[in-house]
Amino acid sequence: MKIQASAEDYLEAILVLQRKNGKVRSVDIANHMNFAKPTISIIMKQFRDNGYVTFDADRNIHLTEKGEEIATRIHERHTILSKVLMAIGVDEATSFADACKIEHNISEVTFECIKRFYEQGNLD
């Protein structure tokens, strides 16, 4: 499933915040991504309408299976690419920013090769 890079970033942010805090609200995403809360609220409504998230009675945001699948894939890419970049000498802040750019455009074939190379411990 292919969606826009910005949507992938929002879904990844929800996953990261959910793992960190246990629950996620629009204000948490706004603070995490440095966007205005009304902007995030509009996007979360669109995500709900497209089946990526649900809201509970307390307005907490939950990833659906479809949303979690995308978020997990993007987060794995971001994490591994950041670690690979740091292993070759890129500073942490730059590696994080560059991995965010790369994760959306790299082919599945290339990413799987990088992932396998990384997991085999070839970067130590």
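The values are calculated or read from the model by the stated rules, or taken from the named source; none is laboratory data. Everything numeric here is computed off the predicted structure, so don't read it as measured data. Neighbour counts are summed over all protein chains in view; Cβ atoms, including those assigned to glycine, are modelled from backbone coordinates with ideal geometry. Side chains are part of the model used for accessible areas, which takes the heavy atoms of the whole protein and leaves out ligands, DNA and RNA. Shrake-Rupley method; radii C 1.70, N 1.55, O 1.52, S 1.80 Å.
On a straight-distance basis, which lysines could pair with Lys83 in a cross-link, Cα separation under 28 angstrom, same-chain partners fewer than 8 positions away excluded?
Lys2, Lys20, Lys23, Lys66, Lys101, Lys115
Along each principal axis of its Cα atoms, how long is the chain end to end? Whole angstroms, biggest number first, please.
Cα spread of the chain along its principal axes, largest to smallest: 48, 27, 23 Å.
Could you do me a favour and compute the accessible area per residue for the chain, 1.4 Å probe, result in Å²? Numbers along the way, then the final one.
On the way: 7380 Å² over 124 residues.
Accessible area per residue: 60 Å².
Give me the number: length gained by fully extending Ile106 to Met86, i.e. 0.36 nm times residue separation minus the C-alpha to C-alpha distance, one decimal in nm.
Working: separation 20, 0.36 × 20 = 7.20 nm, distance 1.78 nm.
Using 0.36 nm per residue and subtracting the Cα-Cα distance, I get 5.4 nm.
Before anything else, pin down the relative contact order of the range 71-124: Cα pairs under 8 Å, at least 6 apart, normalised by residue count, whole percent.
Working: 32 pairs, mean separation 22.0, N = 54.
41 percent.
Ordered by residue, what ³J(HN,Hα) values in Hz, to whole numbers, does the range 73-83 give under the Karplus form 6.51 cos²θ - 1.76 cosθ + 1.60, where θ = phi - 60° and Gly and Pro are x?
4, 5, 5, 4, 4, 4, 4, 5, 4, 4, 5
For the chain, give the percent of accessible area contributed by carbon and sulfur heavy atoms, probe 1.4 Å, rounded to a whole number. Before the final figure, lay out each step's value.
Numbers: 3900 of 7380 Å².
Here carbon and sulfur together make up 53 percent of the probe-accessible area.
Compare the peptides 12-23, 60-71 by average per-residue count of other Cβ atoms within 10 angstrom and give them in order, highest first.
Numbers: 12-23: 15.9, 60-71: 17.4.
So the order, starting with the most tightly packed, is 60-71, 12-23.
Can you give the relative contact order of the chain as a percent, counting alpha carbon pairs under 8 Å and 6+ residues apart? It would help to have the intermediate numbers written out before the result.
Values: 116 pairs, mean separation 27.3, N = 124.
Normalised by residue count, the contact order of the chain is 22 percent.
Using the Karplus curve 6.51 cos²θ - 1.76 cosθ + 1.60 with θ = phi - 60°, what ³J(HN,Hα) values do you get for each residue of the range 37-45, in whole Hz, with x for Gly and Pro?
Going residue by residue, I get 4, x, 4, 5, 4, 5, 5, 5, 5 Hz, with x marking Gly and Pro.
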